Amino acid sequence: MNIGERRVKIMDTTMRDGHQSLLATRMRLEHMIPIAEKIDAIGFHSVEVWGGATFDSCIRFLNEDPWERLRVFRRHLKNSKTQMLLRGQNVVGYKHYADDVLDEFIKAAVHNGMDIFRIFDALNDVRNMERAMQTTKREGGHVQGTVVYTISPVHNYDFFMRMGKELEQLGADSICLKDMAGILAPYPAYEIIKGLKESLSIPIQLHCHYTSGMAAMTYMKAAEAGVDVIDCAISSMALQTSQPAIETMVAAFKDTPYDTGLDLTALTEIADHFRDIRNNYVQFDNSSNNVDTNVLQYQVPGGMISNFVNQLKEQDALDKLPEVLAEVPRVREDFGFPPLVTPSSQIVGTQAAINVLMGERYKMATNEVKNYMRGFYGRSPAPVNEEARKKIIGDEEPITVRPADLIEPELPAAREEVGPYMEKPEDVVSVALFPQVAPKFLKERMAKKLLVDLDLAAQGSEFYPL
Ligand code: CO
């Protein structure tokens with residue numbers, strides 16, 4: 001074998017998807033930075049550090065400025081490409097935002113050091129991705145167009161080929177096949193990756209979760225089919241609902257045409273670091289199942305099941321869990337087979353729980369479900385069940401245009417809201433994205449600064465002569 005003729009590259013997901021999947025996105029920057037330079041030296045294709053739920057979590061739970069987090073990462077990852085997950089028109093939130101918010105977000109992200117933007121839409125509605133792709137391109141970022149993998153009668157081989165082609169034609173610099181639920185089996189992966197490699201001329205990256213226990217095998221078949229990059233997490237932050245372990249794939253591909261060229265010894269130190277710091281997050285650590293078989297049966301991702309357990313416990317109806325799990329695929333079919341990924345997973349999951357708890361299907365529906373039926377999330381992969389729609393929104397006529405076309409610019413109001421608490425233009429974007437939590441965060445930030453200033457003043461600091 002001619003070693004090194006074709007390497008498989010690895011993206012390290014530890015500091016984004018790794019802790020988002022295992023530790024409810026709670027990892028603080030202070031626990032990542034001490035090891036960042038070691039990670040930088042490994043030679044990963046890219047390091048995923050931002051986006052997805054991390055932005056929200058920073059503001060909502062960690063009292064951390066997500067923009068500052070990005071800047072700090074940039075300083076410590078001098079030799080690596082940074083990567084983020086962008087939910088298309090949902091940016092890093094759970095609803096569609098106006099184009100001005102999306103544009104400003106991307107501009108600021110590039111400016112603060114983001115290299116690769118993985119852009120997806122929960123419904124695989126390309127109209128919801130186009131603007132993000134154009135803006136990223138214009139600002140000089142790498143556009144990774146994403147095909148969300150799911151299993152349904154409409155999500156067949158031809159669908160994935162068609163969508164990959166469309167994204168390439170729209171200017172994607174690479175394609176990601178995204179299996180957020182961990183249900184992509186090795187042999188379908190081989191077929192899809194091989195097909196994409198044959199029909200496209202841009203690199204293909206594969207993103208799997210280990211949830212069902214298949215992902216390492218899936219990566220192996222994907223490598224045989226020619227995949228360029230696979231997403232892995234360091235061993236101490238891998239497996240279960242996270243990604244396959246970096247070290248496993250490095251060892252499995254060693255001395256083969258897929259050799260990653262990465263050094264196992266150097267990786268050990270990184271694994272040790274995260275094993276230690278994981279102890280700080282025991283209360284958020286949701287790694288209980290080694291292999292989740294529900295995901296194979298119902299396609300219900302791990303995060304969704306723990307949500308169900310919490311919701312049902314509150315209603316004193318935990319015994320209804322099997323019924324709810326069985327209701328999820330039925331709701332999904334009524335909704336036209338959306339992939340179960342943020343925010344569609346929450347929309348479908350909550351409705352399934354309501355249907356079971358009410359004892360009658362669609363007797364009650366959440367606002368999100370009503371908006372879904374109105375077309376406000378985009379076009380469903382297959383037509384929705386008309387009977388269900390009637391029950392949910394009556395005779396209301398659903399929209400057929402791109403949802404964001406109906407949203408007025410949102411930055412002016414956000415700018416007003418930020419007012420005196422603004423330190424930098426990015427603060428306006430934070431408020432536009434999370435108007436319920438960001439203003440409080442900004443106020444607290446200012447209060448903290450004032451306290452520090454007062455303290456300095458009290459000490460008679462030369463900068464604050466009394
Ligand atoms: Co993921």
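The values are calculated or read from the model by the stated rules, or taken from the named source; none is laboratory data. If you're wondering where the values come from, they're calculated on a predicted model, not measured in any experiment. All Cβ positions, even for glycine, are placed from backbone atoms using ideal geometry, and neighbour counts span all protein chains on display. All accessible areas refer to the heavy atoms of the entire protein, side chains included, with ligands and DNA or RNA removed. Shrake-Rupley method; radii C 1.70, N 1.55, O 1.52, S 1.80 Å.
Does ILE59 satisfy the condition of being more than 15 Å from the ligand (Cβ to nearest atom), farther than 17 Å from VAL431 by Cα and open to solvent by less than 50 Å² (accessible area, probe 1.4 Å)? Write out each step before concluding.
Details: more than 15 Å from the ligand (Cβ to nearest atom): yes; farther than 17 Å from VAL431 by Cα: no; open to solvent by less than 50 Å² (accessible area, probe 1.4 Å): yes.
Considered against the rule, which asks whether it is more than 15 Å from the ligand (Cβ to nearest atom), farther than 17 Å from VAL431 by Cα and open to solvent by less than 50 Å² (accessible area, probe 1.4 Å), ILE59 comes out as no.
Hey, can you tell me all the residues within the stretch 226-236 that are more than 17 Å from MET214 (Cα to Cα), open to solvent by less than 10 Å² (accessible area, probe 1.4 Å) and either in contact with a helix residue (DSSP H, G or I) (Cβ under 7 Å, 6 or more places away or on another chain) or outside any strand (DSSP E or B) (or both)?
Narrowing the stretch 226-236 to residues more than 17 Å from MET214 (Cα to Cα): 226, 228-229, 234, 236.
In the following step, the residues that additionally are open to solvent by less than 10 Å² (accessible area, probe 1.4 Å) were identified as 229, 234.
If the condition is that a residue be more than 17 Å from MET214 (Cα to Cα), open to solvent by less than 10 Å² (accessible area, probe 1.4 Å) and either in contact with a helix residue (DSSP H, G or I) (Cβ under 7 Å, 6 or more places away or on another chain) or outside any strand (DSSP E or B) (or both), then ILE234 is the only one that fits.
Name the helices (runs of 4 or more DSSP H) wholly within the stretch 156-225 that hold at least 3 residues that are surrounded by 18 or more Cβ atoms within 10 Å (Cβ to Cβ) and within 16 Å of the ligand (Cβ to nearest atom)? Lay out the reasoning, then the answer.
Values: elements: 157-169, 186-199, 215-224.
Those helices (runs of 4 or more DSSP H) span 215-224.
Condition first: in contact with a Pro (Cβ under 7 Å, 6 or more places away or on another chain) and open to solvent by less than 30 Å² (accessible area, probe 1.4 Å). Now tell me which residues in the stretch 260-318 satisfy that.
Passing the criteria: only VAL295.
Checking ILE392 against (1) out of contact with any Phe, Trp or Tyr (no Cβ under 7 Å at 6 or more places or on another chain); (2) at pLDDT 95 or above, which single condition isn't satisfied?
(1)
Are there any pairs, at least 6 apart or on different chains, whose C-beta atoms fall under 9 Å, with the first in the stretch 306-330 and farther than 29 Å from GLU386 by Cβ and the second in a helix (DSSP H, G or I) and of a type in the set (Lys, Arg), and if so, which?
LEU312/LYS320
Would you mind finding the one in ASP65, ASP100, ASP115, ASP40 that is charged (D, E, K, R) and buried (at least 20 other Cβ atoms within 10 Å of the Cβ)? Step through it out loud before you land on a result.
Numbers: ASP100 fails: buried (at least 20 other Cβ atoms within 10 Å of the Cβ); ASP115 fails: buried (at least 20 other Cβ atoms within 10 Å of the Cβ); ASP40 fails: buried (at least 20 other Cβ atoms within 10 Å of the Cβ).
Just a single option satisfies the conditions, and that option is ASP65.
Identify all residues within the stretch 354-380 that are in a loop (DSSP other than H, G, I, E, B) and open to solvent by less than 40 Å² (accessible area, probe 1.4 Å); write none if there are none.
Here is the first cut: in the stretch 354-380, the residues in a loop (DSSP other than H, G, I, E, B) are 359-366, 374-380.
Residues satisfying the conditions are TYR362, ALA365, THR366, GLY375, TYR377, GLY378, SER380.
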